[in-house]
Amino acid sequence: MQQYFSLADCDVMGFDLDHTLCRYHLPQSARLIYDSFAQYLVTEKGYDKDLLTLAPDSLDFCCKGLVLEIEEGNFLKLAEDGTVLRASHGTKSMTSEELLETYGRREWKHFNTVSGMVSRSAKYYLYDNYFDLPGALLCARVVDSLDQHDGQKKYDFWKDMVAAIQHNYKISAFKEDCGTYFPEVKNHPDKYLQRCPESVKKWLKQLKSAGKILLLITSSHSDYCRLLCEHILGNDFEEYFDIVITNALKPGFFSHTPNQRPFRTLENDEEQEALLSLDKPGWYSQGNAIQLYELLKKMTGKLDPKVVYFGDSMHSDIFPARHYSNWETVFILEELLGDKVTVSAEAESEPLEKKGKYEGDQLKAPYFVSIQWGSFFMDRLPGLENAEETLVRTWSCKCISTYSTIAIPSLEAIADLPLDYRFTRFSSNSSATAGYYPSPPRALLPNEESVTMK
């Protein structure tokens with residue numbers, strides 16, 4: 001495979017919506033998502049009402065890449081080889097001794113299924129995007145609360161979490177003003193949504209005028225998609241895209257066959273009958289990548305049109321688009337912003353002008369490095385007895401270089417580049433930092449030599 005990647009070589013550009021085209025004000029949206037689940041657990045399921053109060057720094061617990069062992073109530077951060085780097089029971093971090101006693105120095109028991117990325121399981125849950133993360137904090141606090149009251153050994157709160165998600169995010173919730181989440185975003189969109197930068201809007205138009213086909217593929221339902229797009233792009237948002245697919249139910253969109261997941265048309269946001277094939281551009285619901293690709297062949301007049309897909313979730317966007325559809329993938333990773341500004345003791349004592357635009361609320365944004373969990377990209381493997389600690393890549397970091405073509409902090413980071421700009425892609429024979437643009441995460445830099453690619 002060639003070493004460089006250029007958007008000019010792609011015929012089709014596909015975009016995820018939430019946290020890709022539509023960026024959120026993370027501290028505010030994290031709090032709202034947390035509240036939407038907590039309200040339901042307390043009012044409908046009788047959980048402790050202390051769950052409704054949130055200490056300002058408690059969002060520090062939210063770190064992408066954590067895995068929850070559901071029945072044990074433990075959260076884990078995994079190394080690229082599947083060993084457990086850090087863990088907590090509920091919100092309480094395990095000591096190195098507890099860690100070794102519970103998990104040893106061997107591969108975590110479910111690692112081979114989780115690293116295949118395909119399965120969801122009743123045994124564990126992987127937190128890999130900003131919609132999920134506040135739920136991790138809530139589950140951890142539920143474990144704390146149950147320990148306090150019941151001293152359980154096995155936990156079965158998960159069914160209640162699933163019910164809370166269903167209640168707030170089911171397809172009809174937006175229309176019915178159901179739950180806490182949608183009514184609040186409808187009433188205060190500016191509080192939660194960042195408008196799309198002019199540079200990105202201009203870039204989308206340039207892509208279109210360069211003859212590229214633009215797709216929007218989101219798992220959000222059509223009514224919420226419309227609210228977001230009108231707010232961030234304007235009322236003419238449909239003119240940016242050739243094809244809009246809502247309720248795509250990713251990752252199934254990429255892995256399912258046309259029979260399992262047909263496309264449907266929409267009328268007044270209600271899904272209509274299944275379509276046998278996809279014949280023309282337009283707005284559709286559900287669907288599958290196989291029939292979409294057949295339409296793209298027709299539209300481009302090419303037997304093998306080249307597609308690139310931009311998304312923020314490894315599980316729903318990047319892995320399935322690469323694995324099932326063999327598309328190029330651009331991973332939107334806001335952690336690349338957070339990596340530059342860690343809130344350390346030194347930072348606290350720096351003069352204000354040095355802190356720049358990261359002051360105030362921004363410092364609490366979930367993508368700034370978690371004090372409890374450390375870097376998203378690297379961590380130290382605790383040394384056995386007197387052995388030295390070794391620096392290793394996290395499993396999340398390994399996934400990035402395995403399944404993404406390149407990783408960027410936002411669309412804005414590349415919007416002003418010429419279309420034929422040549423990005424260095426991730427590949428097994430290049431350095432561990434090759435595919436990050438504009439610069440690799442700082443955590444990977446000082447010891448790059450010790451971070452060998454497997």
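The values are calculated or read from the model by the stated rules, or taken from the named source; none is laboratory data. What you see is a predicted model, and the numbers here were worked out from it, not measured in a lab. Note that each Cβ is placed from the backbone with ideal geometry, even for glycine, and that neighbours are counted across all protein chains shown. Areas reflect the complete protein model, heavy atoms only, side chains present, ligands, DNA and RNA absent. Shrake-Rupley method; radii C 1.70, N 1.55, O 1.52, S 1.80 Å.
Here are the numbers:
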read-out: Residue under evaluation TRP158, criteria (1) in contact (Cβ under 8 Å) with a residue 40 or more places away in the chain; (2) within 24 Å of LEU381 (Cα to Cα), criterion not met; value: (2)
read-out: Every residue from the range 150-177 that is surrounded by fewer than 13 Cβ atoms within 10 Å (Cβ to Cβ) and either closer than 18 Å to THR246 by Cβ or outside the structural domain of HIS89 (by the TED database) (or both); value: SER172, GLU176
read-out: Where ASP361 falls short, out of the listed (1) modelled with pLDDT of 95 or more; (2) open to solvent by 50 Å² or more (accessible area, probe 1.4 Å); value: (1)
read-out: Flag if PHE241 is at negative phi, open to solvent by less than 10 Å² (accessible area, probe 1.4 Å) and not hydroxyl-bearing (Ser, Thr, Tyr); value: no
read-out: Scan of the range 374-409 for residues that are within 16 Å of LEU85 (Cα to Cα), in a loop (DSSP other than H, G, I, E, B) and at pLDDT 90 or above, ordered by number; value: SER375, PHE376, PHE377
read-out: Identity of the residue in the range 40-76, of a type in the set (Phe, Trp, Tyr) and open to solvent by 20 Å² or more (accessible area, probe 1.4 Å), that ends up nearest to ASP128 (Cα to Cα); value: TYR40
read-out: Residue that is least open to solvent (accessible area, probe 1.4 Å) [pool: residues in the range 256-291 that are outside any loop (DSSP other than H, G, I, E, B) and in contact (Cβ under 8 Å) with a residue 60 or more places away in the chain]; value: SER285
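A quick yes/no check of all residues on (1) open to solvent by 10 Å² or more (accessible area, probe 1.4 Å); (2) part of a loop (DSSP other than H, G, I, E, B); (3) closer than 22 Å to THR390 by Cα:
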{"position": "LEU78", "(1), (2), (3)": "no, no, yes"}
{"position": "LEU85", "(1), (2), (3)": "no, no, yes"}
{"position": "SER88", "(1), (2), (3)": "no, no, yes"}
{"position": "GLU101", "(1), (2), (3)": "yes, no, yes"}
{"position": "ARG105", "(1), (2), (3)": "yes, yes, yes"}
{"position": "TRP108", "(1), (2), (3)": "no, yes, yes"}
{"position": "ALA122", "(1), (2), (3)": "yes, yes, no"}
